[in-house]
Amino acid sequence: MSFKIKCSPRCRYDYSVLWRHKMGLNKYGPAVSGLGPSSASGSGDGSGVEAKAAEKSAFDLKLEKYDAAAKIKIIKEVRTFTDLGLKEAKELVEKVPVVLKKGLTKEEADPILAKLKELGATVVLE
């Protein structure tokens, strides 16, 4: 048995617009305006410095390895700052190396980083 869904031309147009938006394309396709990454590098050092400064505002907290004896303490600490349940936190910690939290500022990440290092984990900011 086959089902056919009738879709008006307007409906098809709306779906194509949504699809292009989801794929990161604008009405005219990617980089038509000439302001893509290749032209930004040739414009001077000022834009490159601004881009690097903007990148450093958010960090990802990555657990690289941990001491097996401190696994339970690390799981408990991960639960405190991620709002995960016990099972989810355990699965997350066991997937080492893994990103524990994304989009942290330096001020938010430092206490978490210090606490995990104190427990015997190797943690880095990316």
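The table below lists the values:
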{"read-out": "For residue 95, solvent-accessible area (1.4 Å; no DNA, RNA or ligand), Å²", "value": "130"}
{"read-out": "Extension reserve of the residue 64-residue 106 stretch, reckoned as 0.36 nm per residue once the Cα distance is removed", "value": "13.3 nm"}
{"read-out": "Local electrostatic count at residue 81 - Lys and Arg +1, Asp and Glu -1, tallied over other residues with Cβ under 11 Å", "value": "+1"}
{"read-out": "Within-11-Å neighbourhood charge of residue 119 [Cβ basis; K, R +1; D, E -1]", "value": "+2"}
{"read-out": "Listed pairs 22/95; 71/102; 87/115 exceeding 27 Å between Cα atoms", "value": "22/95"}
{"read-out": "Solvent-accessible area, 1.4 Å probe, carbon plus sulfur percent, for the range 75-116", "value": "53"}
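The values are calculated or read from the model by the stated rules, or taken from the named source; none is laboratory data. Since the model is a prediction, treat every value here as computed from it, not as a measurement. All Cβ positions, even for glycine, are placed from backbone atoms using ideal geometry, and neighbour counts span all protein chains on display. Remember, those area values only see protein heavy atoms, side chains included, never the ligands or the DNA or RNA. Shrake-Rupley method; radii C 1.70, N 1.55, O 1.52, S 1.80 Å.
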